[in-house]
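Q: Dumping the structure here so I can ask a few things about it.
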Amino acid sequence: MEAFPITKISGENSIEKQLRAIDLAPPGDVSFVVISHLHLDHAGQVRPFMDEKVPVIVQKRELQSALSMLWQGGKGGAYDMSDLMPLRGPNLTPISDNYFEIVDGVAVEFTGGHTAGHQVMHVETRNGNFYTFTGDYMHLPREYEIEAKGWLLSDADEWHSYIRKLKVMERARKARIVISHDPEFWSKYPRAPKFLE
Ligand SMILES: [Zn+2]
């Protein structure tokens, strides 16, 4: 809330309430959790899953980088120790794969770029639609359009390479590129109990 003062969050935004709205009883109905990266606005609300032994998948490099930055005093990264502490435990699943197909139609892919261990998630729905959830790879559609990212960038070279790959996927697989931080995009996404089909 201090970092993003325009953000409003209430009890309705809790992961339990949002999942119940789509008829899933957390954490038992959840098979696994994927975290794109560990920045403070992406790594909260993991605790209910950790208590119930749901695998939580994060890139090993992301965890190493976040812990390293925090141990050095927290400068240079939007990481918060209170988000990382609940990750400790036997169901934390750190991966080093570039591409990991978790189940048919759901895969995570390492991208780096935004942070050292950033990953995106590709989902093919029952209706045959292909979505790529880009985490913070882009904050705004404009970054994707002009292939430039002004801030919060860990590796510019890595970032530029993957942008082109995303554009191939968008063109060749008709992938819908989901960007999280744009208010205009956000207003168009369905709200629970509706969902992307
Ligand atoms: Zn981020």
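Computed from the coordinates by the stated procedures, all read-outs in this text should not be read as laboratory data. Bear in mind the structure is a predicted one, so any value in this text is a computation, not a measurement. Positions of Cβ are backbone-derived with ideal geometry, glycine not excepted, and every protein chain shown enters the neighbour counts.
Q: Please compute the modelled spin-label separation between Asp104 and Ser10, points set 7 Å along Cα→Cβ, answer in nm with one decimal.
A: According to this spin-label approximation, the distance is 4.1 nm.
Q: Taking only pairs that are 8 or more places apart or on different chains, how many Lys pairs in region 1-96 have Cα atoms under 26 angstrom apart? Don't skip to the answer; put the middle values down first.
A: Numbers: Lys8/Lys17; Lys8/Lys75; Lys17/Lys53; Lys60/Lys75.
Taking region 1-96 as the scope, the lysine pair count is 4.
Q: Okay, next question. Under a crude label model (7 Å from the Cα following the beta-carbon direction), how far is Tyr189 from Ser161 in nanometres?
A: With each label point 7 Å from Cα toward Cβ, the separation is 2.8 nm.
Q: Classify region 1-96 as rounded, prolate or oblate from the Cα gyration tensor: take a ≥ b ≥ c as the square roots of its eigenvalues, call it rounded if a/c is under 1.5, otherwise prolate when a/b beats b/c and oblate if not.
A: Details: a/c = 2.51, a/b = 1.26, b/c = 2.00.
In terms of gyration-tensor shape, oblate.
Q: How would region 100-185 be classified by its alpha-carbon gyration tensor: rounded, prolate or oblate, with rounded meaning a/c under 1.5 and the a/b versus b/c comparison settling the rest?
A: Prolate shape, in that a/c is at least 1.5 and a/b is the bigger ratio.
Q: Taking the Cα centre of region 100-185 as the origin, how large is its charge dipole in debye, to the nearest 20, when only Lys and Arg (+1) and Asp and Glu (-1) carry charge on their Cβ atoms? Don't jump to the answer; show the numbers that get you there.
A: Values: 10 positive and 14 negative charges, 70 e Å.
Taking the Cα centre of region 100-185 as origin, the dipole is about 340 debye.
Q: Of the residues Met169, Met50, Met85, which exhibits the maximal mean-square fluctuation in a Gaussian network model of the chain defined by a 10 Å Cα contact cut-off?
A: Top of the fluctuation ranking is Met85.
Q: Just check the chain against the gyration tensor rule for me: Cα atoms, a ≥ b ≥ c as the square roots of the eigenvalues, rounded for a/c under 1.5, and otherwise prolate or oblate depending on whether a/b exceeds b/c. Please report the intermediate quantities before stating the final value.
A: Working: a/c = 1.29, a/b = 1.03, b/c = 1.25.
Verdict is rounded for the chain.
Q: Taking DSSP loops as anything outside H, G, I, E and B, show the longest stretch in the chain free of trypsin sites (Lys or Arg not before Pro) there with at most 13 other beta carbons within 10 Å. Could you put the intermediate results ahead of the total?
A: Values: sites that count: Lys8, Lys53, Lys75, Arg88, Arg126, Arg173, Lys174, Arg191, Lys194.
The answer is 127-172.
Q: Sticking with this one: Relative to the Cα centre, what is the charge dipole magnitude of region 1-96, using +1 at the beta carbon of each Lys and Arg, -1 at the beta carbon of each Asp and Glu, and rounding to the nearest 20 debye? All intermediate terms of the calculation are to be shown ahead of the outcome.
A: On the way: 9 positive and 11 negative charges, 58 e Å.
Rounded to the nearest 20 debye, it is 280 debye.
Q: If you don't mind, another one. Anyone know which of Thr125, Thr115, Thr93 comes out most mobile in the 10 Å Cα GNM of the chain?
A: With Cα springs under 10 Å in the chain, the top fluctuation among Thr125, Thr115, Thr93 is at Thr125.
Q: To continue, here is another question. Want the number for Leu196 to Asp23: 0.36 nm per residue separation, take away the alpha-carbon distance, what's left? Don't skip to the answer; put the middle values down first.
A: Values: separation 173, 0.36 × 173 = 62.28 nm, distance 1.46 nm.
So the extension gain works out to 60.8 nm.
Q: Give the percent of DSSP beta bridges with both residues in the chain that are antiparallel, rounded to the nearest 5.
A: Rounded to the nearest five, the antiparallel share is 60 percent.
Q: When the Cα centres of region 41-118 and region 183-197 are compared, how far apart do they sit, in Å?
A: 25 Å
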